[in-house]
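Below you'll find the structure, written out as structure tokens, and then a few comments.
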Amino acid sequence: QVQLVESGGGLVQPGGSLRLSCAASGSIFSIDIMGWYRQVPGKQRELVASITSGGRTNYGGSVKGRFTISRDNAENTVYLQMNSLKPEDTAVYYCNAAARGRGSRYASDYWGQGTQVTVSS
């Protein structure tokens, strides 16, 4: 019912910046929390940042002060501005949304397909 499509990943040098976007589409009634997670091979997926429909944000400890999450509720889109990137930020970044589809009584978790971010010189 709800599809998430990410864009904006790529290769960047240490200290550089990237901006990720994630657009939700489909038969959407409401979206509460949207967020970004990341995963490297052999490790668990970890929270990068999340934002509620009211604008309350939450960040993983390693990205505080460097990454900024924002959201356009009218467009059902969430953004992640990543500054001062480090090699350890290299991962596949996944968009996540807790969304309620039209006709559904409850919200469900939805995931995008992932976008690769590589920080390397």
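The values are calculated or read from the model by the stated rules, or taken from the named source; none is laboratory data. All of these numbers come straight from a predicted model, not from anything done at the bench. In case anyone asks, the SASA skips ligands and DNA or RNA and just uses the protein heavy atoms, side chains included. Shrake-Rupley method; radii C 1.70, N 1.55, O 1.52, S 1.80 Å.
Quick notes
- Added length on full extension, which subtracts the Cα-Cα distance from 0.36 nm per residue, residue 13 to residue 56: 12.4 nm
- Less than 5 angstrom separates the built amide H of residue 49 from those of 36, 60, all sequence-distant by 5 or more or on a different chain.
- Relative intensity, log₁₀ I(q)/I(0), of region 20-80 from a Debye sum that treats every alpha carbon as a point, q = 0.20, 0.28 Å⁻¹: -0.77, -1.21
- The chain, relative contact order [Cα under 8 Å, separation at least 6], %: 36 percent
- Per-q log10 I(q)/I(0), the chain, q = 0.11, 0.17 Å⁻¹ (Debye; single scatterer per alpha-carbon; no solvent): -0.34, -0.78
- Rg/Rh ratio calculated on Cα atoms of region 1-45 (Kirkwood radius): 1.06
- Residue-level accessible surface for residue 121, protein heavy atoms, 1.4 Å, Å²: 130 Å²
- Expressed in units of 2.2 N^0.38 Å, where N is the residue count, the Cα radius of gyration of region 63-121 is 1.40.
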